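Below is one structure, written out as structure tokens, with a few remarks after it.
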Amino acid sequence: MNAPDNAQKTQPALDVAHVRKQFPVLHQHVHDNKRLAYLDNAATTQKPEAVLNALDRYYRYDNSNVHRGVHALAARATQGYEQARARIARFANASEAGTVFTRGTTEAINLVAYSHVLPALQPGDEILLTEMEHHANIVPWQLIAERAGARIVVAPVHEDGRLDLDAWRVRLNARTRMAAFVHVSNTLGTVNPVAEMVAEARKQGVSTLIDGAQAVAHIPLQFEDLGADFYTFSAHKLYGPTGFGVLLAKPELLAAMPPWQGGGDMIDTVSFEGTTYADGPARFEAGTPHIAGAIGLAAAIDWLDAQGLRAAKAHEDALLAQALEAIDDVPGLQLFGTAPGKAAIIAFNLEGAHASDVSSLLDMQGVAVRVGHHCTMPLHARFGLSGTARASFAIYNDADDIAQFASALRKARDMLR
Ligand code: PMP
């Protein structure tokens, strides 16, 4: 029998004051004693004490290289690194054998491009992207397409920031070797119907890669149910350390992929006559890895799980609605990305003002937002823009952040008239 999803309904609301206390960086003042309202979370999130402590503990007591030593510290470091793999795989509903550690989303996408797609890429083949991709999910494909004489094909977005799914479907065909698309747009906040897209691509035998950089901290990930071939994300957008990320892959695909970087730890045997390679994730983790990165990400996942991902998402959705209401009557406000169900990201401009001037004025009032093209130049070009300001919300943002943002934006508007 299907019981109602009481777990969701009875989950306690997030205690944001309690959450905020765990982020030391938030409790500072900037520019002449202005309270800090950190709204640059799509660029990177802050780290809770639990993550800071895990990193400190690792370097203070366990630091050693992994996989290569028999001494106590080497064993502890290796255990921490491999336990982190198990934890991260469980969080993503993926297998450990399909969980590869990388430097981040960017490296993970490059790995798939060079090791999975390029070896079989032929002149005239196509790689299907969308207009809302981050440069990390454009440039690696362009690089390999140039080498092989393949083509990049792009599906457009609607005026409100939704993907034009019909146009995407039309572009999926027998020549498509890879369909790579973003789960949540870092500029528009659009949440793409990734399960539906994977199902469509699979029907046509097309490989899929989902760029989950902006999704993992907000949407529960079920990699195995999704059926995608690859899914990528970065620890630093998930309250974990920078310089660390994950490629989730179907293990059978990894088994068929050649290494893409050579070095220590990715081999089975080495001789000058020839080298054989390790199986599984190790084949793609050449050199000393970011051990603390793995341990820090596992700590971040433990921490986020304890807060409740659904509670975090509900909190962020409420913040988005409050923020949109609070800035609604700012004269000349232009919003980019208004798709239904969008994530808590607001890209905006003030008519007649430069986004960089707006962002600097916000900064002077303690409000940290991002400005520029947010590594989505083609998307900005589609809207005829060179840049926008972007406010993005995370689990620790609160009503004071929103009030400060709205009042700072009004002030900026007055000053830029
Ligand atoms: N894709 C998206 C949607 C992103 O937002 C980002 C980070 N801005 C990336 C890819 C690249 O992530 P990283 O720089 O951590 O590799």
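The values are calculated or read from the model by the stated rules, or taken from the named source; none is laboratory data. What you see is a predicted model; the values in this text were computed from it and never measured. Here the Cβ is made from the backbone with ideal geometry for all residues, glycine too, and neighbour counts use every protein chain on show.
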**Request:** Might you check whether a residue that is away from the ligand (no atom under 16 Å from the Cβ), closer than 19 Å to residue 36 by Cα and of a type in the set (Val, Ile, Thr) occurs anywhere in the stretch 350-362?
**Result:** yes
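Please tell me if residue 278 is more than 16 Å from the ligand (Cβ to nearest atom) and under 17 Å from residue 82 (Cα atoms).
Numbers: more than 16 Å from the ligand (Cβ to nearest atom): yes; under 17 Å from residue 82 (Cα atoms): yes.
Taking the combined requirement at face value, the residue satisfies it.
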**Request:** From the list 209, 238, 221, 253, pick out the single residue that is touching a residue at least 60 places away in the same chain (Cβ under 8 Å), under 24 Å from residue 58 (Cβ atoms) and hydrophobic (A, V, I, L, M, F, W, C).
**Result:** 238
**Fill in**
All conditions in (1) closer than 19 Å to residue 105 by Cα; (2) more than 16 Å from the ligand (Cβ to nearest atom); (3) surrounded by 15 or more Cβ atoms within 10 Å (Cβ to Cβ) are true of residue 287 except (3)
**Message:** Among the listed residues 410, 370, identify the single one that is more than 30 Å from residue 309 (Cα to Cα), in the same structural domain as residue 13 (by TED's automatic domain parsing) and touching a residue at least 12 places away in the same chain (Cβ under 8 Å).
**Reply:** 410
**Message:** among the small types (Gly, Ala, Ser), over 24 Å from residue 373 (Cα atoms) and either assigned by TED's automatic domain parsing to the domain that holds residue 127 or modelled with pLDDT of 95 or more (or both): which single residue out of 174, 213 fits that description?
**Reply:** 174
**Selection count, the stretch 30-84, where residues are among the charged types (D, E, K, R) and in contact (Cβ under 8 Å) with a residue 60 or more places away in the chain** = 5
**Asked** Right, residue 231: out of contact with any His (no Cβ under 9 Å at 6 or more places or on another chain) and closer than 26 Å to residue 295 by Cβ or not?
**Response** no
**Complete:** Residue hits (the stretch 191-200; among the hydrophobic types (A, V, I, L, M, F, W, C) and in contact (Cβ under 8 Å) with a residue 40 or more places away in the chain) are 191
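For every residue, the table says whether it meets (1) over 23 Å from the mean Cα position of the chain (by Cα); (2) in the same structural domain as residue 348 (by TED's automatic domain parsing).
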{"residue": "272", "(1), (2)": "yes, no"}
{"residue": "276", "(1), (2)": "yes, no"}
{"residue": "296", "(1), (2)": "no, no"}
{"residue": "299", "(1), (2)": "no, no"}
{"residue": "315", "(1), (2)": "no, yes"}
{"residue": "325", "(1), (2)": "yes, yes"}
{"residue": "330", "(1), (2)": "yes, yes"}
